[in-house]
1. Would you mind finding the one in A:39, A:72 that is of a type outside the set (Asp, Glu) and assigned to a helix (DSSP H, G or I)?
2. Check B:232, B:200 and return the single one that is closer than 27 Å to residue B:113 by Cα, under 16 Å from the mean Cα position of the chain (by Cα), crowded, with 23+ Cβ neighbours inside 10 Å and β-branched (Val, Ile, Thr).
3. Taking residue B:281 and the conditions (1) crowded, with 19+ Cβ neighbours inside 10 Å; (2) closer than 21 Å to residue B:52 by Cβ, which numbered condition does it fall short on, given that it satisfies the others?
4. State all residues of segment A:23-75 that are in contact (Cβ under 8 Å) with a residue 40 or more places away in the chain and of a type in the set (D, E, K, R); if no residue qualifies, say none.
5. Just a yes or no: is a residue in segment B:160-182 surrounded by 21 or more Cβ atoms within 10 Å (Cβ to Cβ), of a type in the set (Asp, Glu) and under 14 Å from the mean Cα position of the chain (by Cα)?
6. Give the residue that is farthest from residue B:50 (Cα to Cα), with candidates limited to residues of segment A:154-212 that are among the aromatic types (Phe, Trp, Tyr) and assigned to a helix (DSSP H, G or I).
7. Taking the condition of a type in the set (D, E, K, R) and under 18 Å from the mean Cα position of the chain (by Cα), does residue B:191 pass?
8. Which ones in segment A:199-222 are within 14 Å of chain B (Cβ to nearest Cβ) and of a type in the set (Val, Ile, Thr)?
Amino acid sequence: MNAILDGFKTAFVLLISGDKEVIQITWLTLKVCGTATLLSVLIGLPTGIFLALHDFPLKKIVVTIVNTGMGLPPVVVGLWVALLLWRSGPFGFLNIIYTPTAIVIAQAVIASPIVTGLSMAAIQQLDPNLPIQLKALGASNLQTVCILLKEARLSLLAAVIAGFGGVISEVGAALMVGGNIKGYSRVLTTAIRLHVSRGEFGYAIALSIILMLLSFTITYILTRVQQRRTIID
Amino acid sequence: MKKLLCVVLMLLLGVFVFAGCSQSSPQVDTDEPVDREIILATTTSTYDSGLLDKLIPIFEGKTGYRVKPIAVGTGKALAMGNKGDADVLLVHAPEAEMELVKKGSVINRQLVMHNDFVITGPSKDPAGIGGMSEAVKAFKKIAASKSLFISRGDDSGTHKKEKKIWSAAGVSPQGEKWYQETGTGMGQTLKIASEKQGYVLTDRATYLALKNNLDLEILVQNHPMLLNIYHVMQVNPEKFENINADGAKAFVDFMLDAETQKIIGEFGKDKYGEPLFFPDAGKKEEDLK
């Protein structure tokens, strides 16, 4: 019980005093997860739309792979990205192992299938006759896609939220490819793990509260975007 | 028409990804040129005790190198050295280290410091090992009474030491019900042993650092077999590519420097009333026993 109380006390002090290290870790987490989510949207959204609108041989296999990828374990991604990026690996010459960039890459790999799978489902959910009708009305392909995106925006934003949730909560990959280096590649989840293993529960609890607040705030903003447009329309 | 759309989308995707990449990579390139970075593969015990948090900023200030400490078990740290994935190692498994020296994977191996292992366990001490002077006999008694023993199980220096004591005791505990492997670092393993009230072999530094959160007591200590000896060594730049040999050498020299050795000897005194490590630069391993 003492550990919990002390934890909340430490958390309060750290949050109020604006501890430099805590701010730096939080900011890095935001940057890394934000970039990773952005990348995953840039990869996942077009791929998802493509898969939803096109038929091709082996499509079921590809879709199954994407759906399996939605549950990619972060440690597995961490391991494979590390194997590729270690100096002894094929991309070792790039020297990006144990950097924030390496975390961004691993997290983008984790989130891309989530965004792809959910965007695909979002478009497929629409009335299958909609694209045909739009074309009959003389819409170009680009216009068709734009209207479909607009129609599916609620589910598409849910895809982005899920992708972001996937990366901000993972610890396995960030630890393995980022190295948890103080002041450089330490993000909130890896910092929490470290402080727990050091027995510094106060610090760990403080960081966990910050992580939840951060996650809540970002998700809140995305949700506002998602819901507001509904009302206007 | 569909194909055209595809091409356009793919192009857009390519441009975005490229933009995304070039946004994130300068963080690395501009901040620190590659040859100013060194990767230090080290053990969870040196990291969890906080010693490296104290030493690394001093080293960075003195030399301008940037150290990336990767805290893993000694087994993993040695494997990183053996593949050329690190520049310098700070580890505590003398016999396994010698294998790397023989293979030519590491050079310039130097004795830095020591502390010792202790056998800790619940204050009730169901196996009755409290106050025993020999680690091997204590392990035999734990096995004979089938008392719960918590092992790191991660091929770390501590785990290697533990396996050595078991084999000296003529016991093979793997698979026994009373023998549990955690596969985690020292701090986490101590916490698990404390919650489950089992025996555990730990380095003194991590135990002292976490003592307040643990319900464990030191039961066996001060036995030559329980010495925990740390060496620093460079990964051989002639065997692997991309090794920062100058940076690694600077780190080895720094660890042996009289001033650093003094800091190591003082570290932890203010907090725990006794030092966590004993500086040994210039000594020979045999002198310690």
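1. None of the others qualify; the one that does is A:39.
2. After ruling out the rest, the residue left standing is B:232.
3. (1) is the only condition that residue B:281 fails.
4. Matches in segment A:23-75: A:31 only.
5. no
6. Out of the qualifying residues, it is A:164.
7. Taking the combined requirement at face value, the residue satisfies it.
8. Once the filter is applied, which keeps residues that are within 14 Å of chain B (Cβ to nearest Cβ) and of a type in the set (Val, Ile, Thr), segment A:199-222 yields only A:205.
The values are calculated or read from the model by the stated rules, or taken from the named source; none is laboratory data. Bear in mind the structure is a predicted one, so any value in this text is a computation, not a measurement. Counting neighbours? That spans all protein chains shown, and the Cβs are built from the backbone with ideal geometry, glycine included.
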